[in-house]
């Protein structure tokens with residue numbers, strides 16, 4: 001089977017994507033451990049973790065105003081976990097709100 005060779009740029013971006021997926025997964029699991037909920041399931045936790053880590057690090061980079069924050073640092077990890085926690089809390093609030101709006105049968 002022939003080996004696939006990627007350019008340096010492609011290798012860099014593959015590494016970046018894998019780092020974000022790994023960081024988002026861990027951030028989602030930490031957020032779910034801090035705020036235990038039955039939903040959103042494994043895939044939902046992964047998606048909330050990735051989106052939350054992106055939002056948390058983006059917000060931190062805006063607040064610090066020194067450019068992008070390295071996700072593989074203690075500060076980056078805390079920001080990623082807080083972002084995932086905020087999204088998970090938002091998910092829980094939306095679920096509660098929607099459950100109250102459903103008509104009783």
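The values are calculated or read from the model by the stated rules, or taken from the named source; none is laboratory data. The model shown is predicted, which means the values in this text are computed figures rather than measured ones. With ideal geometry, Cβ positions are generated from the backbone for all residues, glycine too; neighbour counts draw on all protein chains shown.
Would you check if residue 94 is within 13 Å of residue 20 (Cα to Cα) and either assigned to a helix (DSSP H, G or I) or over 14 Å from the mean Cα position of the chain (by Cα) (or both)? First the steps, then the outcome.
Working: within 13 Å of residue 20 (Cα to Cα): no; either assigned to a helix (DSSP H, G or I) or over 14 Å from the mean Cα position of the chain (by Cα) (or both): yes.
Considered against the rule, which asks whether it is within 13 Å of residue 20 (Cα to Cα) and either assigned to a helix (DSSP H, G or I) or over 14 Å from the mean Cα position of the chain (by Cα) (or both), residue 94 comes out as no.
Taken together, 51, 29 contain a single residue that is surrounded by 15 or more Cβ atoms within 10 Å (Cβ to Cβ), under 18 Å from residue 94 (Cα atoms), at pLDDT 85 or above and within 14 Å of the chain's Cα centre (by Cα), which is 51.
In region 54-64, which residues are surrounded by 15 or more Cβ atoms within 10 Å (Cβ to Cβ) and closer than 15 Å to residue 87 by Cα? Talk me through it step by step, then tell me what you get.
Of region 54-64, the ones surrounded by 15 or more Cβ atoms within 10 Å (Cβ to Cβ) are 54-57, 59-61.
Once the filter is applied, which keeps residues that are surrounded by 15 or more Cβ atoms within 10 Å (Cβ to Cβ) and closer than 15 Å to residue 87 by Cα, region 54-64 yields 54, 55, 56, 57, 59.
Tell me, yes or no, whether region 33-43 has at least one residue that is in a helix (DSSP H, G or I) and surrounded by 15 or more Cβ atoms within 10 Å (Cβ to Cβ).
So in region 33-43, the residues in a helix (DSSP H, G or I) come out as 33-34, 41-43.
From what's left, surrounded by 15 or more Cβ atoms within 10 Å (Cβ to Cβ): none.
Taking every residue of region 33-43 in turn, none turns out to be in a helix (DSSP H, G or I) and surrounded by 15 or more Cβ atoms within 10 Å (Cβ to Cβ).
For region 5-18, indicate whether the set of residues that are assigned to a helix (DSSP H, G or I) and touching a helix residue (DSSP H, G or I) at 6+ places or on another chain (Cβ under 9 Å) is non-empty. Among the residues of region 5-18, not one is assigned to a helix (DSSP H, G or I) and touching a helix residue (DSSP H, G or I) at 6+ places or on another chain (Cβ under 9 Å), which makes the answer no. In summary, residue 36 fulfils each of the numbered conditions (1) more than 16 Å from residue 19 (Cβ to Cβ); (2) within 15 Å of the chain's Cα centre (by Cα) with the single exception of condition (2).
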